[in-house]
Number of protein chains: 2
Amino acid sequence: MPRPGEAGAQARLAVSTVIFALSPDAGAAAPSLRIPLVRRLREPGAGRWALPGGWLPVDEGLDEAAGRTLNETTGLAPTYLEQLYTFGAPDRSPDERVVSVVYWALVHSDEVERAVSDENVCWFDEDDLPELAFDHLEILEYALWRLRTKLQYSRIAHALLGETFTMAELRGVHEAVLRTRLDPANFRRTMEASGTLVDTGQRLAGTPHRPPALYRFDTASARGGDPIHHPTRTRNAS
Amino acid sequence: MPRPGEAGAQARLAVSTVIFALSPDAGAAAPSLRIPLVRRLREPGAGRWALPGGWLPVDEGLDEAAGRTLNETTGLAPTYLEQLYTFGAPDRSPDERVVSVVYWALVHSDEVERAVSDENVCWFDEDDLPELAFDHLEILEYALWRLRTKLQYSRIAHALLGETFTMAELRGVHEAVLRTRLDPANFRRTMEASGTLVDTGQRLAGTPHRPPALYRFDTASARGGDPIHHPTRTRNAS
DNA sequence: GCAAAAGTGTTCGCAATACACCCATGG
DNA sequence: CCATGGGTGTATTGCGAACACTTTTGC
């Protein structure tokens, strides 16, 4: 780290979060990804939609800031939170130099129903996005890429569902995120082989057909393919 | 992005880089990874060794700042440069709040010989590191993890070699980084199948045995497994 | 010709795919 | 009993690991 002193002009540090959830009609049909955005009230970019975020307070950690602003704007607690990338091109904001540390998060679908949504905070479907401020579209697409990539080698889909779920629901998440059809038989085997699912023994009644088994995610075997290391992966609301 | 105004106390933004190169005796024996560090002259952490870096100038991009400080401290140009992670725990620096955007880089082994090395800039072997300042050991270990992980699904080992190289040299890089023995036969096939190698037609004479073929990296087919997107992956010195 | 590395061929086992087939429930 | 999704069994394929084998040089 360099020496202090010689203050000079400095870039401002912001923390933003790309939040993913499933469309509320999770049980029925094919669910789709939804992202909450906030309407910018001031210049630059007033009127446009932007990622939730804020300036970084001096005494707050990056993860905490991401989780806090997520909670403040949506009223939700993330079930998964991870740093995405830091964007800092000199011209990404017209007026002043802003460097944004961006996180991405997943929230439980059963929480989405009681999420904040008003004229200034609105949830948009993945392929029905409004015009975004600054470079936020680029950021969002990068977050989508990361979500899709990570879903294929890590077990994070459960973070978009509730406490328990059927195999078909879990498959539905993968299909929605990856935008593909998956073979039910092979998907089941792959998931069972991963060792991250626990059969609750319960079955979901009320379906017009054979009642499916309900599974729970095994947090103990939640082997992060990531570093051993590093910050909080999951946290609660403040 | 939040509104300007309400300045208040702000964290300071630094950019640091973890630089990897092979030990100069690349041809012979088993090469090892080396990392240049700079000695801190001032408090906090005076006397200890730290990653090369500096405060981020207001008008300079993150990638440019990483490449520049790399060049200033080592005299080298990176053949590979990528953002690693942003570290920002409130207590990682004792005096003031510092957020560090950290990059990692690979440099050609044939450039290492003319690298700067004096009493304040010194290259350390991967498993002979001195005591590091701040959280730089944690950062370095994370960078090592990323290098090892990425080597297995991306073709970046060539960035540690010169313009042309033998199959054995390329394998030596993988073995040094991954710290494993690799089967020469299977390694060859895997590399040839990747389509990133071009046989120059030349052969390396002077070996005590059958002269091996010299290969070149095919920059055209350098498919980044990464985003389509995003900043410069390779750049020259300023 | 002999040692040693370069380079080729062959086999094995695993895991993902494709797809045929039985099971259980509501209507 | 039938339509439909839940759930199981099985053949095929592609790829990486293991390893036997041939080739080419310096000495």
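Please work out if A:TRP104 is among the aromatic types (Phe, Trp, Tyr) and more than 17 Å from the chain's Cα centre (by Cα). First the steps, then the outcome.
Values: among the aromatic types (Phe, Trp, Tyr): yes; more than 17 Å from the chain's Cα centre (by Cα): no.
Spelling it out, it is not the case that A:TRP104 is among the aromatic types (Phe, Trp, Tyr) and more than 17 Å from the chain's Cα centre (by Cα).
Does any residue in segment A:169-198 that is touching a residue at least 40 places away in the same chain (Cβ under 8 Å) come within less than 8 Å, Cβ to Cβ, of a residue that is near DNA strand C (Cβ under 10 Å from one of its atoms) and part of a loop (DSSP other than H, G, I, E, B) six or more places away or on a different chain, and which pairs are these? These pairs meet every condition: A:GLU175/A:ARG181; A:GLU175/A:LEU182. Quick check on segment A:192-200. Is at least one of its residues out of contact with any strand residue (DSSP E or B) (no Cβ under 7 Å at 6 or more places or on another chain), aliphatic (A, V, I, L, M) and over 22 Å from A:ALA30 (Cβ atoms)? So far as segment A:192-200 goes, yes, one or more of its residues are out of contact with any strand residue (DSSP E or B) (no Cβ under 7 Å at 6 or more places or on another chain), aliphatic (A, V, I, L, M) and over 22 Å from A:ALA30 (Cβ atoms). Of all residues in segment B:41-52, those being facing chain A (nearest Cβ under 9 Å), farther than 23 Å from A:ALA11 by Cβ and outside any loop (DSSP other than H, G, I, E, B) number 0. Residues that are away from DNA strand D (no atom under 13 Å from the Cβ), more than 17 Å from B:ALA30 (Cα to Cα), surrounded by fewer than 20 Cβ atoms within 10 Å (Cβ to Cβ) and not aliphatic (A, V, I, L, M) within segment B:142-153 comprise B:TRP145, B:ARG146, B:THR149, B:LYS150, listed in sequence order. Within segment B:147-158, identify whether any single residue is β-branched (Val, Ile, Thr), within 12 Å of DNA strand C (Cβ to nearest atom), more than 14 Å from chain A (Cβ to nearest Cβ) and in a loop (DSSP other than H, G, I, E, B), and answer yes or no. No, there is no match, as no residue in segment B:147-158 is β-branched (Val, Ile, Thr), within 12 Å of DNA strand C (Cβ to nearest atom), more than 14 Å from chain A (Cβ to nearest Cβ) and in a loop (DSSP other than H, G, I, E, B).
Filtering segment B:145-181 to residues that are under 15 Å from the mean Cα position of the chain (by Cα) and of a type in the set (Lys, Arg) leaves B:ARG146, B:ARG148, B:LYS150, B:ARG155.
The criterion of at least 2 residues that are within 10 Å of DNA strand D (Cβ to nearest atom), open to solvent by less than 80 Å² (accessible area, probe 1.4 Å) and not aromatic (Phe, Trp, Tyr) is met by none of the strands (runs of 3 or more DSSP E) wholly inside segment B:159-221. Scanning segment B:53-78 for residues that are more than 8 Å from chain A (Cβ to nearest Cβ), farther than 24 Å from B:LEU41 by Cα and open to solvent by less than 30 Å² (accessible area, probe 1.4 Å) yields B:ASP63, B:ALA77, B:PRO78. When you scan segment B:70-81, do you find a residue that is part of a helix (DSSP H, G or I) and out of contact with any Pro (no Cβ under 7 Å at 6 or more places or on another chain), even just one? Yes, some residue in segment B:70-81 is part of a helix (DSSP H, G or I) and out of contact with any Pro (no Cβ under 7 Å at 6 or more places or on another chain).
Against the numbered list (1) within 13 Å of the chain's Cα centre (by Cα); (2) in a strand (DSSP E or B), B:THR86 comes up short only at (1). Of the residues making up segment A:37-47, those that are in contact with a Cys (Cβ under 8 Å, 6 or more places away or on another chain) and more than 11 Å from A:ASN120 (Cβ to Cβ) number 0.
Go through segment A:29-38 residue by residue and tally those that are more than 14 Å from A:SER16 (Cα to Cα) and either touching a strand residue (DSSP E or B) at 6+ places or on another chain (Cβ under 6 Å) or open to solvent by less than 30 Å² (accessible area, probe 1.4 Å) (or both).
Residues of segment A:29-38 that are more than 14 Å from A:SER16 (Cα to Cα), as a first pass: A:29-34.
Add one more test, that the residue is either touching a strand residue (DSSP E or B) at 6+ places or on another chain (Cβ under 6 Å) or open to solvent by less than 30 Å² (accessible area, probe 1.4 Å) (or both), and what stays is A:31-34.
Residues meeting the conditions: 4.
The values are calculated or read from the model by the stated rules, or taken from the named source; none is laboratory data. What you see is a predicted model; the values in this text were computed from it and never measured. Virtual Cβ from ideal backbone geometry, glycine too; neighbours counted across all protein chains shown. We work out accessible area using only protein heavy atoms, side chains counted, and drop any ligands, DNA or RNA first. Shrake-Rupley method; radii C 1.70, N 1.55, O 1.52, S 1.80 Å.
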